[in-house]
Amino acid sequence: MSWGTELWDQFDNLEKHTQWGIEVLEKYIKFVKERAEIEINYAKQLRNLSKKYQTKKNSKEEEESKYTSCKAFQNTMNEMNDYAGQHEVISENMTSMIMAELTRFVQELKQERKSHFHEGRKAQQHIETCWKQLESSKRRFERDCKEADRAQQYFERMDADINVTKADVEKARQQAQIRHQMADDSKGDYSSVLQKFNHEQQEHYHTHIPTIFQKLQDLEERRITRLGDSLKTYAEIDRQVIPIIGKCLDGITKAAESINSKQDSQTVVESFKSGFEPPGDIDFEDFTQSMKRTVSDTSLTNNRADVKSDPKTPGKSRGKLWPFIKKNKCFGFHQGATPEDFSNLPPEQRRKKLQQKVDELNKDLQKEIDQRDALTKMKDVYMKNPQMGDPASVAQKLIEIGSNIEKLRVEVQKFEGWLAEVEGRLPARNDNSRRQSALYETQNTAPVNNCAQDRESSPDGSYTEDQSQETEVKVTPTEFDDDFDDEEPLSTIGSCKALYPFDGENEGTISVAEGEILNVIEEDKGDGWTRIRRNEEEEGYVPTSYIEVYLDKTAKGAKTYI
């Protein structure tokens, strides 16, 4: 079945059909282009979504990433990022393998189609010209024949008329012969043109047009075949990324299966473990017995008097009655301040923070040392080969690196000292450490704020909203034997100035007024409290952050601060 033989007279319809076929191909190209844009936009949105929920560096989320559930979620985000990459691959492949190729193919089809129809129009113009020549020759032959017939009739009339001269008859005869000769010539010319036209028409409809239409048929079939191949490619591009997308989904499933609730629970223990033991039982206090208090409810002198009147514990304190710890209360640090040695944290957490800080400093120190070694080698090379560089150009940098190394070493020694101090204390599991655990719990669970105006605290780290909420704990006499000794009063090791007013309403504390000058008899041991004395009768604890301490370096027991 050929267009040249079956559609020999459908030149205009074939022209419209082939144009429609190219428009279908261009429509498909536009479809693929829009699909590629959808894929790239989808991939972009997926990447933005994944980036939005990725763990940010130096943030709380980075600390939370140690939990398996958080790790699984982050792995899911990573897999989604790879998933987005596959949609980018789809877009790129559709653009390069379909759009670009088909666009070039359409341009080639247009040029080829234009060439074929140009040849077809030339053939049509040629056959039309031959037809016009044939018609012209035919009309001339017909006209000459009529003229010859009229001339013959005129001659016969002249010859029959007796009144006409012989000369006129001869003239009419000659004119008739001329017309007959012209008719014969026109007949021969018409016959020749007719023969030529028939030949051209035969060539036109059986050779030229079939050849052109066959080329157009091949062009259209190639267009259809190419469209089919492109549709297969369209499907294959999607099919190629399905295994990789499957791996991404498998990765998400694997991440989900990696979640370990028990491990996360253990991580919570390691993150918030204080290193202390729970406090012991509270002894019963019999309020039916009369209680004798003198001077001040908060002074240590009264407690000493009570102890001396107790025959069961001669020369020793009965122990202080500290209130229960209340969480989410403020401690004696100013808002936003964090001790450099992390003393506001429980021992276990403090040890982890110090160890982390030491590791970071050692890492930075090693980087500086490596950089110094590299620059030293470079300087040696420059000294041996001056043409390669100036040794003095790296000298200043070496000095800076040397200064950084010394600073880092000092920092490492400082933090290692604090770390050794903490690690030396952690193994001890006594009653005194249990007393301190309440303080560290409060510090670890509450924000570091200065709440001198609305909240009060006790030396062991407990806090009360008001005195009606205060609950007292009776501690065994052996807990504070080392802290309170009635036999030998502590000597003064310095002085202090009260920066803020403090109402010492809790047992063991002392009230101070802003600007008041007092004596320091025992400095802060890391629990945030300093022991002071107003006179020989009144002494107690106040928050260290509420006072400015001036230690006497020559006093016995005073530390030396650099």
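For the range 10-154, which whole-number percentage of the solvent-accessible area (1.4 Å probe, protein heavy atoms only) is attributable to carbon and sulfur atoms? Carbon and sulfur together cover 51 percent of it.
First compute the accessible area of the range 193-250 with a 1.4 Å probe, then give the percent of it belonging to carbon and sulfur atoms. It is 55 percent, rounded to a whole number.
Along the range 124-132 the Karplus relation, 6.51 cos²θ - 1.76 cosθ + 1.60 evaluated at θ = phi - 60°, assigns HN-Hα couplings of 5, 4, 5, 5, 5, 5, 4, 5, 5 Hz to successive residues, with x for each Gly and Pro.
Per residue, the accessible area of the range 148-266 comes to 67 Å² when a 1.4 Å probe rolls over the protein heavy atoms. Amide H contacts of T509 (H built 1.01 Å from N, in plane; Pro and chain starts excluded): Y541 sit under 5 Å, all sequence-distant by 5 or more or on other chains. Dimensions of the range 1-159 along the principal axes, based on C-alpha atoms and rounded to the nearest Å, stand at 136, 31, 16, largest first. According to the Kirkwood relation over distinct C-alpha pairs, the hydrodynamic radius of the range 185-257 is 18.1 Å. Approximating the spin labels as points 7 Å out from Cα along Cα→Cβ, the L49-to-Q263 distance works out to 2.7 nm. Here's how it looks for I521: its modeled amide H is under 5 Å from those of I493, R531, I532, R533, which are all 5 or more places away or on a different chain.
Coupling constants for the range 375-381 follow from the phi torsions by the Karplus curve (6.51 cos²θ - 1.76 cosθ + 1.60, θ = phi - 60°), and in residue order they are 5, 5, 5, 4, 5, 5, 5 Hz; glycine and proline get x. Ranked by the mean number of other Cβ atoms within 10 Å per residue, highest first, peptides 367-378, 140-151 order as 140-151, 367-378.
Can you pull the Rg over Rh of the range 138-205, Cα-only, Kirkwood? Walk me through the numbers before you get to the answer.
Working: Rg = 17.3 Å, Rh = 13.5 Å.
With Rg and the Kirkwood Rh in hand, the quotient comes to 1.28.
Would you kindly calculate the mean projected area, averaged across all directions, of the convex hull enclosing the Cα atoms of the range 80-209, in square nanometres?
Values: hull surface 47.5 nm².
In nm², the orientation-averaged hull projection of the range 80-209 is 11.9.
The values are calculated or read from the model by the stated rules, or taken from the named source; none is laboratory data. Just so you know, these numbers come straight off a predicted model, no measurement behind them. Reconstructed Cβ throughout: ideal geometry from the backbone, glycine too, with neighbour counts over all protein chains shown. What goes into the accessible areas is simple: the full protein's heavy atoms, side chains included, and nothing from ligands, DNA or RNA. Shrake-Rupley method; radii C 1.70, N 1.55, O 1.52, S 1.80 Å.
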